[in-house]
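Below you'll find the structure, written out as structure tokens, and then a few comments.
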Amino acid sequence: MDQQERQRAAEFLSNDLRLRTQPVEVKFLAEAVFPDKTRRPSEVLGKKVTICQGVTMARSYGWTVGLTKQDLTCVPGMISFGMTGTSHPAKVIGKLFCEVTLAKDADSVQKETDSMSFLGKDEYPGILLAPLGKLASDPDTVAVYGNPAQVMRMIQGWTYIHGERVTGNFGGKVECTEYLIAPFNSGTARVAIPGNGDRIFSMTQDDEMVFSLPAGGLADLVEGLKQAGKKLGARYPITFYQNFQPEFPKYYKVLGKEVGISNE
């Protein structure tokens, strides 16, 4: 998709799903060179932030946000995105999980961290985030925040086209790797439940989940949303079924008869 097509896709997603915040496109940069008008938190705010805060700035403020290690303060995020000196992120993250009692022991944590998604050391020194359709260059990942019903519709749209179930890899922590890196690495859509960091630092709400996909699948998602459940009238918000007669407690029925009302 070119930029105009992505802009039309963003408008369609926002209108069709009545999204509260904007879909976000993400570009991993092999060189930390950012477009004009990119906001670097270390420069415009004079502060270091978390990666998930950068996502919030893009989806809620509409900013184009550029992140390098100079802009970031999140240790697990920086390790996972290859912005530290370690070449063994799974091992280092596992050690942290054990130390903060987010994992029972070294054996169990290895199973978890081996299944996580990482970027290679210094592979992508820059991360560019923006509202969908704002970047001139092709993004790598698109992340859409929504409530469970909105995410359900996106899952239906994706499976309509691809004929496969959407997977998720839930750990409740460092979930930025799942909704930003995993679709890029795997080439397929994912569902993520944001973790503690998202909720503490980036103001992610209790009812929010993330549907993310490789940017190359955006046209499929749009077409799938247009077609999935069309003959059933499936859409968002979900249409409540109203073709029934309610039943009331006995007292209401007795009182109704006393005042000349019959619901028989």
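Only the coordinates and a few stated rules stand behind these numbers; no lab work does. This one's a predicted model, so the numbers in the text were calculated from it and none came from an experiment. Cβ sites come from the backbone with ideal geometry, for glycine too, and all protein chains shown count toward neighbours.
Figures for the structure shown
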quantity	calculated
DSSP-assigned coil residues among GluC sites (Glu not before Pro) in region 22-62, each with at most 16 further Cβ atoms within 10 Å	E31
FRET efficiency, S137 to S108 (Cβ-Cβ, R0 41 Å, nearest 0.05)	0.50
Top positive-direction residue, dipole computed over region 113-260 with Cβ charges, set Y124, H162, G260	G260
Label-point separation in nm, K250 to T188, each point 7 Å along Cα→Cβ	5.6 nm
Label-to-label distance, nm, for residues given as R235 and T84 (7 Å Cα→Cβ offset)	4.8 nm
Order of V151, V55 under a 10 Å beta carbon neighbour criterion, fewest first	V151, V55
In region 133-200, the trypsin sites (Lys or Arg not before Pro) that fall in loop regions by DSSP, at most 15 other Cβ within 10 Å	R165
Hits among aspartates and glutamates - C-alpha to C-alpha of K48 under 14 Å, sequence gap 8 or more where chains match	D71
Calculated FRET efficiency for the pair Q205/T159, C-beta based, R₀ 35 Å, to 0.05	0.85
Global geometry of region 31-151, whether rounded, prolate or oblate, following the gyration tensor of its Cα atoms and the 1.5 cut on a/c	prolate
Net charge dipole size for the chain [Lys, Arg +1 and Asp, Glu -1 on Cβ; Debye, nearest 20]	520 debye
GNM flexibility winner over the chain from M78, M154, M203 (Cα, springs under 10 Å)	M203
Exceeding the 22 Å Cα-Cα cut-off - candidates K27/K121; K37/K173; K37/K134; K95/K173	K37/K173
In Å, descending, principal axis extents of the Cα set of region 3-232	52, 42, 29
Straight-distance crosslink candidates among aspartates and glutamates, where the alpha carbon sits under 12 Å from K69 and sequence neighbours closer than 8 are dropped	D122
Added length on full extension, which subtracts the Cα-Cα distance from 0.36 nm per residue, E258 to D122	41.0 nm
